[in-house]
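Written out below as C-alpha cells is the structure these notes cover.
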C-alpha cells in the first residue's frame, strides 16, 4: 500500500506538489493522471525517495522508502527507461542490479523471457529502440518480484502486442493482491487497465475515484436519434432539460433526457424510431473536462 499524507514539494518559489493526500491499496490498478506539469513525476519521485518532501509524508507498506531493507523486493519502479548503463548488455545490466540484493541469475533470465527481450539480451542497452528500452525498464522493475509496482508511461514506444501484454500483466499482478500505480497519458489504454483513478492538476488532487464513477460524474450521455418524422419528434421532445442539435439529415443529438423518455414520447405520439443510441462519455472526455483549468501548456484549438 502507498499512502501520501499532505505531501508538498517546493522548488524555490514554485510549488510542484501542494498538500497531496491519497491511498493506493493492493488488489487493484490505480491510474495516476494529470497534464504535463501537474506534479505526477515529482510525486512518484518522492514515493521512491529520489526527492525529499518539503512537508508531509509518503510511505510504502507503512515505511519510508529510504528505510526499506530490500527495496527491489518491496517496490518495482520504472520512472525513466533510459536510466541504464548504455555500455552494458541488457542481461548484464539486470545482473548488476540483481547482485545488489542477492537475487539469483535464474530470476534475471525469468524477467528477460517474461518481457520478451531474450533475443537482444546480449546486446548493449544503449543501442535499444524506445520500445526495447521500455521492456528492459519493466524487466528491471519486476526483478525483485516486488509487492508494489510503480510504472510511469510503461507502454511508451511499445507495439500493440507489448501494450496489450502490459495491460494484462499489471491487472494480473493486482489480482494477486499487489499494489499497482500506473501513470500514462494514453486515456484509451488507461480506461482498459485502471480500476481507480487519481488525477492531479497544478500540484493538487482533482479527483480520486473509481474509473467508472469518474466518467459518470464528468461526462454527459448523448443520444443519437433517427426518425422519418424527425420534426414531429423534436417538437414533442421540447422540454426544459432537453438540448437538441442536428448532426446530419434525419438525425439529431440529444442531451438532458433519458433514452426511456425519448422512447415513451415517441410511442405516445406514434412516431417511429429508426435509431436511439446512447453514447456514453469516455475517460478522455472526463479527464479533459476535469483538467481544463489545470493545463499549464494549453494549445490553441483549430477553427
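The values are calculated or read from the model by the stated rules, or taken from the named source; none is laboratory data. Being a predicted model, the structure only gives us computed values, none of them experimental. Note that we place each Cβ from the backbone using ideal geometry, even for glycine, and neighbour counts take in every protein chain shown.
Might you check whether a residue that is farther than 30 Å from residue 15 by Cβ, free of Cβ contacts under 8 Å to residues at least 40 places away in the same chain and in contact with a strand residue (DSSP E or B) (Cβ under 6 Å, 6 or more places away or on another chain) occurs anywhere in region 114-122? Yes; the residues of region 114-122 include at least one that is farther than 30 Å from residue 15 by Cβ, free of Cβ contacts under 8 Å to residues at least 40 places away in the same chain and in contact with a strand residue (DSSP E or B) (Cβ under 6 Å, 6 or more places away or on another chain).
Among residues belonging to region 252-270 that are more than 30 Å from residue 205 (Cα to Cα) and within 35 Å of the chain's Cα centre (by Cα), point out the one that is surrounded by the fewest Cβ atoms within 10 Å (Cβ to Cβ). Among residues in region 252-270 that are more than 30 Å from residue 205 (Cα to Cα) and within 35 Å of the chain's Cα centre (by Cα), the one surrounded by the fewest Cβ atoms within 10 Å (Cβ to Cβ) is 260. Looking at residue 178 and the list (1) out of contact with any strand residue (DSSP E or B) (no Cβ under 9 Å at 6 or more places or on another chain); (2) surrounded by 13 or more Cβ atoms within 10 Å (Cβ to Cβ); (3) more than 28 Å from residue 275 (Cβ to Cβ), which single condition is not satisfied? Unmet for residue 178, out of (1) out of contact with any strand residue (DSSP E or B) (no Cβ under 9 Å at 6 or more places or on another chain); (2) surrounded by 13 or more Cβ atoms within 10 Å (Cβ to Cβ); (3) more than 28 Å from residue 275 (Cβ to Cβ): (1).
If you go through region 219-238 and pick out every residue that is surrounded by 15 or more Cβ atoms within 10 Å (Cβ to Cβ) and in contact (Cβ under 8 Å) with a residue 24 or more places away in the chain, you end up with 12.
Scanning region 4-33 for residues that are assigned to a loop (DSSP other than H, G, I, E, B) and closer than 29 Å to residue 192 by Cα returns 25, 26, 27, 28. Within region 62-78, being out of contact with any helix residue (DSSP H, G or I) (no Cβ under 6 Å at 6 or more places or on another chain), surrounded by 13 or more Cβ atoms within 10 Å (Cβ to Cβ) and either at positive phi or assigned to a loop (DSSP other than H, G, I, E, B) (or both) holds for one residue alone: 70. Counting the residues of region 271-288 that are at pLDDT 90 or above, touching a helix residue (DSSP H, G or I) at 6+ places or on another chain (Cβ under 9 Å) and exposed (fewer than 15 other Cβ atoms within 10 Å of the Cβ) gives 4.
Residues in region 289-303 that are modelled with pLDDT under 85 and either over 26 Å from residue 18 (Cβ atoms) or crowded, with 18+ Cβ neighbours inside 10 Å (or both): 294, 300, 301, 302, 303. Within the set 19, 49, 62, 56, the sole residue that is under 27 Å from residue 283 (Cβ atoms) and either in the same structural domain as residue 185 (by TED's automatic domain parsing) or out of contact with any strand residue (DSSP E or B) (no Cβ under 7 Å at 6 or more places or on another chain) (or both) turns out to be 19.
For region 240-251, the candidate set comprises residues that are surrounded by 11 or more Cβ atoms within 10 Å (Cβ to Cβ) and in contact (Cβ under 8 Å) with a residue 12 or more places away in the chain; within that set, the residue that is farthest from residue 220 (Cα to Cα) is 250.
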